[in-house]
1. Sorted by accessible area (1.4 Å probe), largest first, how do TYR323, TYR58, TYR191 line up?
2. Enumerate the calculated ³J(HN,Hα) couplings along the stretch 22-39 in order (Karplus 6.51 cos²θ - 1.76 cosθ + 1.60, θ = phi - 60°), each rounded to whole Hz, writing x wherever the residue is Gly or Pro.
3. Working with all protein chains in place, sort LEU185, LEU252 by solvent-accessible area computed with a 1.4 Å probe, largest first.
4. Out of the total accessible area of the stretch 1-91 (probe 1.4 Å, heavy atoms of protein only), what percent is carbon and sulfur?
5. In square angstrom, rounded to the nearest 10, how much accessible surface does MET86 have for a 1.4 Å probe?
6. Could you work out how much longer the chain between GLU244 and GLU192 gets when fully extended? Use 0.36 nm per residue separation minus the Cα distance between them, nm to one decimal.
7. Would you kindly derive the ³J(HN,Hα) couplings of the stretch 279-290 from the backbone phi angles with the Karplus curve 6.51 cos²θ - 1.76 cosθ + 1.60 (θ = phi - 60°), listing them in order in whole Hz, with x for Gly and Pro?
8. Using a 1.4 angstrom probe on the protein heavy atoms only, could you order LEU114, LEU175 from most to least accessible area?
Amino acid sequence: MSTILDSYQKLAESGFFEHFATKVEKRLKELFPNTLINYRIKSKESLAGKLERKNNKYNSIEEITDLIGFRIISYHAEEILQIQRMLEHFFKKDNENSIDKRTHINSEFGYASLHLILSIAEYRPNPEEIRKDFSTFLNQKFEVQVRTILEHAWAESEHDLGYKPELVAGLPLQLRRNFARIAALLETADYEFTRLRQDLRDYQARIDASVDTKDYSALPIQQQDPRSLRDFFLKSKFVRRIEEEIKSATGLTSSNVPGDILASDADFMIDYEITSIEQLRILISKHENDIIKTAIKFAGTNYAKIESKGMSISLPRDFLLPYVRKFITETMKPISNTGESY
């Protein structure tokens, strides 16, 4: 035991652990830029406690795999597997000492995260770079814990309470149930966030498909949600054709930069009982000439003044919406005021 602690002391005083940890941290942040990453170096007191608990299991400091530990915290549970695969690709995994605690909790709720023991592999991903940057660290093992942010919240709270999973098992039934209930809530929230994320992807895919196929019949305009309006005014060839007519008549140009289509724009449409993109498309089609005249008049009275001062005007790519809004305001009454629709 004393030999291992002496070896630890020498390495710590030389800055070996800190130097290695900062190098690996830099690599991890490059690999996983959208996660939270931190590290800790095991203290001499913690190491002494571990050696005592393990009852002389270790013969040398090289056998201890968690002197340096990293924590990668992901926002979404579905990203854990991708992180694991990338870690196992870029580093060498110690299969004997790595453990996936998510598969070792049976039917119980509780702390669960992925624990990997890794080392720098000389041949991954760039042999020359690894040899140069990690030449003195090639055999140094380190631990990486991968958790979701909610798993992390649970583990930190559990730690703050002073009860590790093995200690919780010895508590009275009601206290064990309290631990389990909180853990179940967090695990359920993780699952629901993953499902919500997929639902949002599916919703956006339906919007994209509707715009691509020009089938707007099932595409709603929903309160406080400008996405269907944004995609329609940005991607629709129908809108693009009308905008080209306006540019041709006014001499104005537009850029590829989109304008600000906001939640208030969706609320505006709903105020006038326009609740789907198909309704809006029919309205624009029916009054196309009047909307173009409105746009030309607006451009003539506003942009001409600015251009007369030597300033050039470039409209946003989806510039038709303000003119549609202006036409609606001048010719229709909102249902919130009259109870009637156009």
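The values are calculated or read from the model by the stated rules, or taken from the named source; none is laboratory data. Because the structure is a prediction, the values reported are computed rather than measured. Keep in mind that these areas ignore ligands, DNA and RNA; they rest on the heavy atoms of the full protein, side chains included. Shrake-Rupley method; radii C 1.70, N 1.55, O 1.52, S 1.80 Å.
1. Working: TYR323 10, TYR58 35, TYR191 135 Å².
Final ranking, largest accessible area leading: TYR191, TYR58, TYR323.
2. 5, 5, 5, 4, 4, 4, 5, 5, 5, 6, 10, x, 9, 10, 9, 10, 9, 9
3. Values: LEU185 115, LEU252 10 Å².
Heavy-atom accessible area, descending, gives LEU185, LEU252.
4. Numbers: 2440 of 5130 Å².
The nonpolar share, carbon plus sulfur, comes to 47 percent.
5. Roughly 50 Å² of MET86 is accessible to a 1.4 Å probe.
6. Details: separation 52, 0.36 × 52 = 18.72 nm, distance 4.44 nm.
Once the chain is fully extended between GLU244 and GLU192, it gains 14.3 nm.
7. Result, rounded to whole Hz: 4, 5, 4, 5, 4, 5, 4, 5, 10, 4, 4, 5.
8. Details: LEU114 5, LEU175 80 Å².
Largest accessible area first, the list is LEU175, LEU114.
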